[in-house]
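Written out below as structure tokens is the structure these notes cover.
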Amino acid sequence: MSEDSMVYLRKSRIVLRDGIAEFSHQSPESRNALGAALRADYRDMLDWLDNRRDVRALILTGSGGSFCSGADLKETLGDGVGNAPEDSEPADVAEFILNVHAWLQRLRELELPVIAAVDGPAAGAGFSLALAADFVLASQRAVFCLSFARIGLIPDLAALHQLPRIVGLSAAKDMVMTARKVGAVEARALGIVHEIHEAEALNERAWHFAARFRQAPREATAIAKRLLNGSFETSYRDFVGLEASGQARAAAALYSSEAVAAFTSGKPLRFDWDRG
């Protein structure tokens, strides 16, 4: 796919413009449910990104006033594993979840900023997808809900891992055990949402936000993101070593030497978030 281009997959669309990629769910009739076709699209999109060093940021979004309504339960627990939902074997369900994590972990570990632009519902697995992003921009009508308890399930797609790291254990228990809906304002207060915009302006604002990373240091960003993602599971002693080796790699990159030279000579830096 070339610059300033668009391609449609099974249930999604990729737009590439000036180094920014947007991956949008394109099944408004199902409120962009995470069915087999969309899961396959995520795998294909991630494969495509593996070969695109020119992409500086990724936007995840949905069409038709919905981010993602969660998994298609009839497909996932029924036809998706060859049984009716009530007859699904535990091993089948576990294997299914592990297969999803094969690409979800890749999404979470992408070495570039990932921005989720959430309009309307982000429910169940859709909420988990938003949590996999580095930044969540929401419309005023965005609604987040870990709805699993309503059907006797537990949150999956790493929501139980990610959510308490963002909102704290007590707030995470509240959202998980009650399966209640959380609006955009509350989600921002909890630290889930980074910015709130009018629904009609959300996509434009997401592109503007992503574009500010065009001149960011890709190597340093990737290293910092990797260390942050693992910081809760790493001891201080081990983290010091990872930090030292990461800083050594970042300092050895051409970007750093050029930026330091510009800084010491009083020239404007390529990457300055405050400059907009």
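Provide the gained length on full extension for the span S5 to D18, in nm with one decimal, where the gain is 0.36 nm per separating residue minus the Cα-Cα distance. Kindly include the intermediate steps, with their values, before the conclusion.
On the way: separation 13, 0.36 × 13 = 4.68 nm, distance 0.97 nm.
Separation in residues times 0.36 nm, less the Cα-Cα distance, equals 3.7 nm.
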Output the peptides 152-159, 246-253 sorted from most to least packed, where packing is the average of other Cβ atoms within 10 Å over each peptide's residues.
152-159, 246-253
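May I ask you to sort T221, T234, T61, T264 by Cβ crowding, counting other Cβ atoms within 10 Å and putting the fewest first?
Working: T221 19, T234 15, T61 23, T264 8.
By the 10 Å Cβ count, ascending: T264, T234, T221, T61.
Over all distinct Cα pairs, what is the inverse of the mean 1/r for the chain, reported as the Kirkwood hydrodynamic radius in Å? Intermediate values should be presented prior to the final figure.
Values: mean 1/r = 0.0503 Å⁻¹.
Averaging 1/r across every pair of different Cα atoms and inverting gives 19.9 Å.
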Over all pairs of distinct alpha carbons, what does the Kirkwood formula give as the hydrodynamic radius of the range 39-173, in Å?
15.8 Å
Using a Förster radius of 41 Å, what is the FRET efficiency between A224 and D92 based on their Cβ-Cβ separation? Nearest 0.05, please.
0.60
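If the chain between A248 and R53 were fully stretched, how many nm would it gain, using 0.36 nm times the residue separation less the Cα-Cα distance?
Numbers: separation 195, 0.36 × 195 = 70.20 nm, distance 2.12 nm.
That works out to 68.1 nm of additional length.
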Could you tell me the center-to-center distance, by alpha carbons, between the range 102-146 and the range 185-264 in angstrom?
17 Å
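What does the C-alpha gyration tensor say about the overall shape of the range 218-275? Classify as rounded when a/c is under 1.5, otherwise prolate if a/b is larger than b/c, or oblate.
Values: a/c = 3.02, a/b = 2.08, b/c = 1.45.
Prolate, since a/c reaches 1.5 and a/b exceeds b/c.
Once you have the Cα-Cα distance between A149 and F271, take 0.36 nm times their residue separation minus that, and quote the gain in nm to one decimal.
On the way: separation 122, 0.36 × 122 = 43.92 nm, distance 4.41 nm.
In short, 39.5 nm is gained.
What size of dipole, in debye to the nearest 20, comes out for the chain about its Cα centre when the only charges are +1 on Lys and Arg C-beta atoms and -1 on Asp and Glu C-beta atoms? If you can, show how the numbers build up before the last one.
Details: 31 positive and 36 negative charges, 152 e Å.
Result for the chain is approximately 740 debye, rounded to the nearest 20.
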Using helices alone, what [θ] at 222 nm do you get for the chain, with -39,500 (n - 2.57) per DSSP H run of 4 or more residues, divided over all residues and rounded to the nearest 500?
-13000 deg cm²/dmol
Using the basic label-point model (7 angstrom from Cα toward the beta carbon), what is the F239 to E186 distance in nanometres?
3.1 nm
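Read the figures in this text as sums done on the coordinates, not as results from a lab. It should be emphasised that the depicted structure is a prediction, and the values quoted were computed from it without experimental measurement. Note that we place each Cβ from the backbone using ideal geometry, even for glycine, and neighbour counts take in every protein chain shown.
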